[in-house]
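Have a look at the structure below, then the notes.
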Amino acid sequence: MKSRVTLIALAILVAVWANVPGQVKIKNWTWNRPAFSIGSFRRDLDLHLGLDLQGGVHIVYQADVSKLPGPDQLPAVESTRANIERRINSLGVAEPLIQTSKVGDEHRIIIELAGVSDINQAISIIGQTAQLEFRESTVATPSAATDFKSTGLTGADLQRANVQFASGQANQLSGSPSVGLEFTAEGGKKFSEITGRNIGKPLAIFLDDKIVTAPNVENAITDGKAVITGNFTVDEAKRLVIQLNAGALPLPIKIVEQRNVGATLGNESISKSLFAGVIGLLIVSLFMIANYGFKGFLADIALMLYVFLSLAVIKIIPITLTLAGIAGLILSIGMAVDANILIFERIKEEMAWGRPRKVAIELGFHRAWNSIRDSNVSSLMTAGILFWFGSGSVRGFALTLIVGILVSLFSAITVTKFLLNLVYRK
């Protein structure tokens, strides 16, 4: 009981904290809501709107892969896409859509940035070629980027990077991964000289003047092949390889399409969607009270918490809301009471069989659980398939629907049960 009370109190606190206005002014007193922060996890708790609701820019680049062999073309395009995504994050853009496509023999990178008004600034940052550089330390214990100096070894000297495993380890289940580097003939000579004079010292790898990694040199490497070891997970090793290849395989890219996109739906559609959501919530609430009396009223309280908690989760993840995402959220309001209906009908049956009210409540929750579980799992599977195979607004719809289903389970099973037990405990 105590753990359930603690969990509900925590949910209410999060819901209130995330949905309170970012700034509250009362006469001469102003309060700004602090960001949501747990360790390195930090969110501003603002509601991010998609391209269709607030406008932005749409840019299409064509990548020139004519000078690369066939097997290297797709990795090079993916590395360029990852590098563009990293740069766009510096613009402060929420949830940019960045994807690759192939039209005939042409490789393209499609970028949609919601909330960006200065298209020239975005193009100037995106359009730069990744600058990969190896730098050696100038002090015994370097602690900042300024403690390293250029060695003349750049991304042009790096042929490729890849994920490796120790001898006899064929996959990630066998052991810790490492990152392998392969240099060109000229790059191998430079690397041999650099590692020879930096044994026991860190050799930093910079991408666009930011440190990617700074491994220690254990010995001079003369064959042009190096391995970066450490406590990498497979995902971390893959991420590092993509960053290195973004500089090792720089692709010439050119703009083939650019345009500013106005908010196709905008404030009017947001207002109509919110109005539809309020009407739907009101109808569902009245239906529950009409059919189940005071128990329905308690379910409506849990439903209100569900709405605010869903918005809080959307802000914390964060999910960029498009009109399709709002539709998924409104749809989940109707689904949120599905579990309550199953439970209350079961409680009616138990009481009709002569069970005391408190026993009927416990049995109603217990015996309705299988039906609730199966119906919600099937809905989650459908939404998961939409999210996995869909794109754009379809994924937004699926993601908000998934959030709605999971939060509705919490509100129906935990909150409603707590309220019923609290009211009917005697």
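The values are calculated or read from the model by the stated rules, or taken from the named source; none is laboratory data. On a predicted model such as this, the values are computed, not experimentally measured, just so you know. Because the Cβ atoms are built from the backbone with ideal geometry, glycine has one as well, and the counts that use them run over all protein chains shown. In case anyone asks, the SASA skips ligands and DNA or RNA and just uses the protein heavy atoms, side chains included. Shrake-Rupley method; radii C 1.70, N 1.55, O 1.52, S 1.80 Å.
Principal-axis analysis of the Cα atoms of the chain puts helix 393-410 at an angle of about 50° to the longest axis. Residue-normalised convex hull volume from the C-alpha trace of the stretch 191-332: 201 Å³ per residue.
Coupling constants for the stretch 138-150 follow from the phi torsions by the Karplus curve (6.51 cos²θ - 1.76 cosθ + 1.60, θ = phi - 60°), and in residue order they are 10, 10, 5, 10, x, 10, 8, 4, 6, 8, 10, 10, 5 Hz; glycine and proline get x.
Computed from Cα positions, the angle between helix 357-389 and the longest principal axis of the chain comes to roughly 30 degrees.
A 1.4 Å probe, protein heavy atoms only, puts the accessible area of Glu112 near 50 Å². Between (1) 0.98; (2) 1.02; (3) 1.08, which matches Rg/Rh (Cα atoms, Kirkwood Rh) calculated for the structure shown? Of the labelled values, this structure produces (3). Residues whose amide H lies under 5 Å from that of Leu153, counting only those 5 or more places away or on a different chain, are Phe134; hydrogens are built 1.01 Å from N in the peptide plane.
Could you please state how large a percent of the accessible area of the chain is carbon and sulfur, counting protein chains only and using a 1.4 Å probe?
In the chain, the share of accessible area belonging to carbon and sulfur is 57 percent.
Considering only alpha-carbon pairs that sit under 8 angstrom and 6 or more positions apart, the relative contact order computed for the chain is 19 percent. Straight-line cross-link partners of Lys295 among the lysines, defined as a Cα under 24 Å from its Cα and at least 8 positions apart when in the same chain: Lys2, Lys348, Lys358, Lys417, Lys426. Residues whose amide H lies under 5 Å from that of Leu97, counting only those 5 or more places away or on a different chain, are Glu112, Ala114; hydrogens are built 1.01 Å from N in the peptide plane. Residues whose amide H comes within less than 5 Å of that of Leu321, counting only those at least five positions distant or on another chain, are His48, Leu49, Gly50 (H built at 1.01 Å from N in the peptide plane). Quick one: helix 185-196 against the long Cα principal axis of the chain, what's the angle to the nearest 10°, folded into 0 to 90? Helix 185-196 sits roughly 80 degrees off the main axis of the chain. Taking Ala368, Ala220, Ala352 as the candidate residues, the one with maximal mean-square fluctuation in a Gaussian network model of the chain, Cα springs under 10 Å, is Ala352.
Scalar couplings 3J(HN,Hα) for the stretch 152-158, obtained by applying the Karplus form with A = 6.51, B = -1.76, C = 1.60 to θ = phi - 60°, are x, 8, 10, x, 5, 8, 9 Hz; x denotes Gly and Pro.
Projecting the Cα atoms of Gly280, Tyr306, Ile270 onto the charge dipole of the stretch 252-343, computed from C-beta unit charges around the Cα centre, puts Ile270 farthest toward the positive end.
Separation of the stretch 12-33 from the stretch 386-426 is 25 Å, based on Cα centroids. Electrostatic bookkeeping for Val337 treats Lys and Arg as +1 and Asp and Glu as -1; over the other residues with beta carbon under 14 Å from its beta carbon, the sum is -2. In this view, the solvent-accessible surface of Ile289, computed with a 1.4 Å probe and all protein chains in place, comes to about 70 Å². Given the pairs Lys102/Lys210; Lys210/Lys238; Lys67/Lys102, which span a C-alpha to C-alpha distance of over 22 angstrom in this model? The pairs that break the limit, which is 22 Å between Cα atoms, are Lys102/Lys210. Just to confirm a number: summing +1 for Lys and Arg and -1 for Asp and Glu over residues other than Phe410 whose beta-carbon lies under 13 angstrom from that of Phe410, what do you get? After counting each charged neighbour, the total is +2. Note that the stretch 210-217 has calculated 3J(HN,Hα) couplings of 10, 5, 8, 7, 9, x, 7, 7 Hz, one per residue in order, obtained from phi through the Karplus relation 6.51 cos²θ - 1.76 cosθ + 1.60 (θ = phi - 60°); glycine and proline are x.
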